[in-house]
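See structure below.
The values are calculated or read from the model by the stated rules, or taken from the named source; none is laboratory data. Everything quoted here is computed from the prediction, not taken from an experiment. As a convention, Cβ positions derive from the backbone with ideal geometry for all residues, glycine included, and neighbour counts pool all protein chains shown.
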Amino acid sequence: MNKDIILEKEKKIFDNQIQERLRHGFIPDLRRLRKVGWFYNNMWRDPEFVKLHWMPKVNFVIDIAKKRGGKVVELGCGCGYLTLELARHGLDVLGVDISTKNIAVARKYQKLNTYKKGFGSLQYKCCDIENFDFGKNQLDTVVFFRSLHHLKNIISVLRKIRRSLRKGGNIIICEPMRNNFTRKSAEVAGILRAVSPTWISYGEKLRNLTDGRAWDKYVNRIYQEYTYSDDFKQSPMDNKIATAEIVLKAVRKYFIIKKVSFSDAFIDKLIGGLRGRNKYAFAKFFKFLDNLMVERGILPPTEIAIYAKKK
């Protein structure tokens, strides 16, 4: 399929996604989040889930970028919640995304920002990342926050990023590795969903899990959901790269890796689905259990965070 046609489909999918989320009450501002009941198992359903799961990832980016200071570009910035937060920490930020609707929303919430003390600067540009003009020796930090896997030619983009960074400049990558999610991971996620209070009642869940065939069907559906396959596929450009080895090999070609961390065995589509008065206690326990599973090698991680510097 022609690249321009694929990019246009990609753009329309994310245009439609952000418009749908906004219609249901989503606010793309980490300091103004509210509960959004429309999400059935997404972390963004509840600010407490965002604080527990997403904020450590966001703070990983902010802490590194803030220490360096200067000019920051987020590639694939979406609706702008991370770029806005980076600017609130005194950085000069540019957000780049292919979705015109996401960029429009990001600009809207930039104007609505009331946290102006110590604010740096914030601009947005709507374009295809692979055709973006990075310049030469101009930037201090470049960020991919779950967006690198939407690019076809990451080597070419990383080469241009290296050229654009000043001496000692940073690249920060937080990426899903969906190919790491295994059938065993799906079994564990399935067990935890079955025994915890979720959007589906216990009666309905357990009534349908009474034999091996039903269980296999249930687990397979969870596997597809986590790996964004079949009916769950997000967009035509999604999941182009999905393993740590591919990302790390590409990064090492142009950068010196300073830190790599792994996380998220099954947590991604679990705690957002919790319900009931004990949902936060369950969420904290599942987060602990998820970290333990990764740390002890019981289940593979599905998320990688990389901090590297220009060679």
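Can you tell me which residue is farthest from ARG21 (Cα to Cα) among those in region 95-109 that are of a type outside the set (Val, Ile, Thr) and buried (at least 20 other Cβ atoms within 10 Å of the Cβ)? Quick ask: steps written out before the conclusion?
If we filter region 95-109 for residues that are of a type outside the set (Val, Ile, Thr), which is where we start, we get 95, 97, 99, 101-102, 104, 106-109.
Restricting the remaining residues to those that are buried (at least 20 other Cβ atoms within 10 Å of the Cβ) gives 95, 97, 99, 102, 106.
Details: GLY95: 20, ASP97: 17, SER99: 14, ASN102: 11, ALA106: 14 Å.
Only one residue tops the list, namely GLY95.
Within region 107-119, the set of residues being in contact with a helix residue (DSSP H, G or I) (Cβ under 8 Å, 6 or more places away or on another chain) and under 14 Å from ARG31 (Cα atoms) comprises TYR109, GLN110, ASN113, TYR115.
Consider GLU204 carefully, then state whether it is surrounded by fewer than 18 Cβ atoms within 10 Å (Cβ to Cβ), at pLDDT below 95 and not in a loop (DSSP other than H, G, I, E, B). Reasoning before the result, please.
Details: surrounded by fewer than 18 Cβ atoms within 10 Å (Cβ to Cβ): yes; at pLDDT below 95: yes; not in a loop (DSSP other than H, G, I, E, B): yes.
So GLU204 fits the description; yes.
Taking the conditions exactly as written (surrounded by 22 or more Cβ atoms within 10 Å (Cβ to Cβ) and among the aliphatic types (A, V, I, L, M)), does LEU112 satisfy them or not? The answer is no for LEU112. GLU130 fulfils the conditions (1) under 24 Å from PHE255 (Cα atoms); (2) over 23 Å from the mean Cα position of the chain (by Cα); (3) surrounded by 16 or more Cβ atoms within 10 Å (Cβ to Cβ) except for a single criterion, (2). Can you spot a residue in region 40-49 that is out of contact with any Ser or Thr (no Cβ under 6 Å at 6 or more places or on another chain), buried (at least 20 other Cβ atoms within 10 Å of the Cβ) and in a loop (DSSP other than H, G, I, E, B)? Yes. Restricted to region 54-85, and to residues that are of a type in the set (Asp, Glu) and more than 18 Å from LEU148 (Cα to Cα), which residue is surrounded by the fewest Cβ atoms within 10 Å (Cβ to Cβ)? Among those that are of a type in the set (Asp, Glu) and more than 18 Å from LEU148 (Cα to Cα), it is ASP63.
The rows are residues; the columns are (1) over 24 Å from GLU85 (Cα atoms); (2) among the acidic types (Asp, Glu).
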| site | (1), (2) |
| --- | --- |
| GLN123 | no, no |
| ILE129 | no, no |
| ASP140 | no, yes |
| PHE144 | no, no |
| SER147 | no, no |
| ASN153 | yes, no |
| VAL157 | yes, no |
| ILE161 | no, no |
| GLY168 | no, no |
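Annotation for region 141-158: no member residue is polar (S, T, N, Q), buried (at least 20 other Cβ atoms within 10 Å of the Cβ) and more than 22 Å from the chain's Cα centre (by Cα). In this structure, GLU85 does not qualify as touching a residue at least 40 places away in the same chain (Cβ under 8 Å), out of contact with any His (no Cβ under 6 Å at 6 or more places or on another chain), in a strand (DSSP E or B) and of a type outside the set (Ser, Thr, Tyr).
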